[in-house]
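The values are calculated or read from the model by the stated rules, or taken from the named source; none is laboratory data. Here the structure is a predicted model, which is why all the values come from computation and not from measurement. FYI the Cβ positions are ideal-geometry reconstructions off the backbone, even for glycines, and counts take in every protein chain you see. Quick note on the areas: whole protein, heavy atoms, side chains included, nothing else; ligands and nucleic acids left out. Shrake-Rupley method; radii C 1.70, N 1.55, O 1.52, S 1.80 Å.
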Amino acid sequence: MVDDTKLNEFIGQILGDLGGALSVSLVRIGDRLGLYRALHADGPMTPGELATKTNIAERYAREWLSHQAASGYVSYEPSSGRFTLPPEQAMVFAEPNSPVYMQGGFDLAMVMMENQTLVEPAFRTGKGVGWGDQSQCLFCAAGRFFRAGYHNSLVASWLPALDGMTAKLDRGAMVADVGCGHGFSTVIMAKAFPNSTFVGYDFHPGSVEQARLHAEQHGVTANTRFEVGMASEFPGKDLDLVTFFDCLHDMGDPVGAARHVRQTLKPNGSWMIVEPAAGDRLEDNLNPVGRLFYAGSTMICVPTSLDQPVGAALGAQAGFAKLSSVISEGGFERVRKAAETPFNIILEARP
Ligand SMILES: C[S@@+](CC[C@H](N)C(=O)[O-])C[C@H]1O[C@@H](n2cnc3c(N)ncnc32)[C@H](O)[C@@H]1O
């Protein structure tokens, strides 16, 4: 027997969900054409003023602004006909250094839609989809999505949460940043700790190229290097710190990676593993953050891992218990949760 109240509530939810899904391309257009940046920099505008400012057609500006107002992304003042980007919305759409900047999330949503043609057949075969074969936007989207968290938390709170690590980095330490992607984390650390040396490794050659360019743009080539390398094989010896940012669960053989990291560290070295925040049980993760991460995990992380040898497919919502058992199996004596945010857990493993 259908309960009308429940049905109406659910239809309300789905309207919101579909509205969000249909907004993805509009938000990305607003980002790429500088519409949010213009509204943020110059304040309330009519469609004509926005069109002139950003060099777009007024008819499109009006329709786009109307959608943004209906979404609650901008506010609308009927008496003046002007649209405003409120400060809270600006943090999400127009301030790349804000801790809640989400444009990378919209880029990832687009990646997942483009990945459907690759992942759907894999549901039947059980095979993986290679990281390098996925939507071309994936590599930049992933870097952009995580960058805000690294910018705000990595040097300010995550590294200080590791035992004695900032003192070592200040003095001069040897660090490997594994699965570094476009090297956002590597560059942030290299800037903050000029006496230390950072080598970024990733198995995706295109990302390593981008990381090198990125280091050049930020003037940190003196204490960074980027190389193509698998997590279970990268060259390294007597390292003070190895970092894995949002990549352990993507790997085919996370235990093999853990075992290898153990061999590259000094006896008093540390392994920092940053992973998506998650509880240990499915029922702990049935919430809005878990929903986003399970979506990313199904469309990106699980296919990436299944494409590699072993194919452990931990999933993006592995949780502390599962992650610690992987880390311990790799030969680490101690593992603890050093810090956490609504989106990430930061683990420290010691030999
Ligand atoms: C979600 S991205 C994170 C990238 C980067 N650490 C960041 O936080 O922006 C996962 C990265 O892991 C890399 N990766 C996946 N499996 C790997 C493996 N077995 N060895 C080395 N890198 C791997 C991918 O190429 C990709 O750059």
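Laid out as a table, the results:
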{"quantity": "Convex hull volume per residue for the range 199-272, taking Cα atoms only, in Å³", "calculated": "93"}
{"quantity": "Descending semi-axes in Å of the range 180-316, equivalent ellipsoid built from Cα gyration tensor", "calculated": "27, 17, 15"}
{"quantity": "Assigned charges on the beta-carbon of Lys, Arg, Asp, Glu; the chain dipole about Cα centre (debye)", "calculated": "620"}
{"quantity": "Dimensionless Rg ratio for the range 4-93, taking C-alpha atoms and the 2.2 N^0.38 Å reference", "calculated": "1.19"}
{"quantity": "Carbon and sulfur %, accessible surface of the chain computed with the full protein complex present, 1.4 Å", "calculated": "56"}
{"quantity": "Rounded to the nearest 10 Å², the accessible area of GLU88 at probe 1.4 Å", "calculated": "120"}
{"quantity": "Charge sum, other residues only, whose C-beta stays under 13 Å from ASP107's C-beta, Lys/Arg counted +1 and Asp/Glu -1", "calculated": "+2"}
{"quantity": "Heavy-atom accessible area per residue - the range 4-93, 1.4 Å, Å²", "calculated": "59"}
{"quantity": "Listed residue pairs exceeding 31 Å between alpha carbons, taken from LYS191/LYS337; LYS53/LYS191; LYS127/LYS337; LYS191/LYS322; LYS127/LYS191; LYS266/LYS337", "calculated": "LYS53/LYS191; LYS127/LYS337; LYS191/LYS322; LYS127/LYS191"}
{"quantity": "Qualifying trypsin sites (Lys or Arg not before Pro) in the range 142-246, DSSP loop, other Cβ atoms within 10 Å at most 16", "calculated": "LYS237"}
{"quantity": "Surrounding net charge for PRO254, when Lys and Arg each add one and Asp and Glu each subtract one, Cβ distance under 11 Å", "calculated": "-2"}
{"quantity": "Long-range amide H partners of ARG82 with built H, under 5 Å", "calculated": "GLU77"}
{"quantity": "Assigned charges on the beta-carbon of Lys, Arg, Asp, Glu; the range 4-93 dipole about Cα centre (debye)", "calculated": "300"}
{"quantity": "Over the chain: Rg over Rh, Cα atoms, Kirkwood Rh", "calculated": "1.01"}
{"quantity": "Environment charge at PRO47 (Cβ cut-off 10 Å; Lys +1, Arg +1, Asp -1, Glu -1)", "calculated": "0"}
{"quantity": "Of SER79, ALA51, HIS67, farthest towards positive along the dipole that unit charges on Lys, Arg, Asp, Glu beta carbons give the range 48-88", "calculated": "ALA51"}
{"quantity": "Three principal axis lengths of the range 1-50 [C-alpha, angstrom, descending]", "calculated": "54, 19, 16"}
